[in-house]
Amino acid sequence: MFGFREVPAPFPIARWLVTGNGLMLHLVKGRSLPVDNTKWDHIAIAWGPMEETIATLDAKKIAWSDIQGRHVPQIRPDGVKQIFVRDPDGYWIEINDSLKNR
């Protein structure tokens, strides 16, 4: 969805993704216990226009919500729109449109 470029990882249970600006995201599978966290425990990804992001998530049938669990984007005090999704292990990921302010 985000268009990250995958690069070789040193072990087979991992995927390494280049996210841009010299940053990488390392994903490792194998978690056997469920994640016990709230939306306050999350990583955030600044992405493109929120309407396009939501359309992509809806087309792929990926559940998303605001921080209270409603199916609407949340608008922060600085005007940035944000939504939350869960990764396959249950970790929360915030997707926001803060790049529009740069």
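Per-residue answers, yes or no, for (1) outside the structural domain of Tyr91 (by TED's automatic domain parsing); (2) under 16 Å from Leu99 (Cα atoms); (3) polar (S, T, N, Q); (4) without any contact (Cβ under 8 Å) to a residue 60 or more places away in the chain:
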| site | (1), (2), (3), (4) |
| --- | --- |
| Val18 | yes, no, no, yes |
| His26 | yes, no, no, yes |
| Ile45 | no, yes, no, yes |
| Glu51 | no, yes, no, yes |
| Ala55 | no, no, no, yes |
| Ile67 | no, no, no, yes |
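Mind telling me which of the residues Val35, Val85 ends up being in contact with a helix residue (DSSP H, G or I) (Cβ under 9 Å, 6 or more places away or on another chain) and in contact (Cβ under 8 Å) with a residue 24 or more places away in the chain?
Exactly one residue qualifies, and that residue is Val85.
The values are calculated or read from the model by the stated rules, or taken from the named source; none is laboratory data. Remember, predicted model here, so these are calculated numbers, not experimental data. When we count neighbours, we look across all protein chains shown, and the Cβ atoms used for this are built from the backbone with ideal geometry, even at glycine.
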